[in-house]
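One structure is given below, represented as structure tokens, and several questions about it will come after.
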Amino acid sequence: MTKKLLTMKKILIIALLFTACSQRDEQFCKCLEASEKLNLEANKLLSGKSSSLSKEERAKLKIDKEMACADYQTMTGEEMLKRKAECE
């Protein structure tokens, strides 16, 4: 391979790495969404307002949240805030 082609490949690889690093974490965004849905329903119950969801539907929201957020249980607060900003 020529030097020019090798240099172009290196530049492409570096560009792809930067692009991959700056993309938002879709799974984390799903975790946030699931958490928000569960929090809204929990707040309705705690404030005495009636919820339109059944007990089973609320249980499903909790399971959905736990599954979506399983990979983020040990993440630092700083990292969570960074990823949250990327979801907005």
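Only one of (1) assigned to a helix (DSSP H, G or I); (2) at pLDDT 90 or above fails for LYS10. Which number is that?
Of everything listed in (1) assigned to a helix (DSSP H, G or I); (2) at pLDDT 90 or above, LYS10 misses just condition (2).
With at pLDDT 90 or above and either surrounded by 14 or more Cβ atoms within 10 Å (Cβ to Cβ) or touching a Cys at 6+ places or on another chain (Cβ under 6 Å) (or both) as the only criterion, which of ASP71, ASP64 stands out? Let's see the steps before the verdict.
On the way: ASP71 fails: either surrounded by 14 or more Cβ atoms within 10 Å (Cβ to Cβ) or touching a Cys at 6+ places or on another chain (Cβ under 6 Å) (or both).
None of the others qualify; the one that does is ASP64.
The values are calculated or read from the model by the stated rules, or taken from the named source; none is laboratory data. What you see is a predicted model, and the numbers here were worked out from it, not measured in a lab. In this analysis, Cβ positions are derived from the backbone assuming ideal geometry, glycine residues included, and neighbour counts consider all displayed protein chains.
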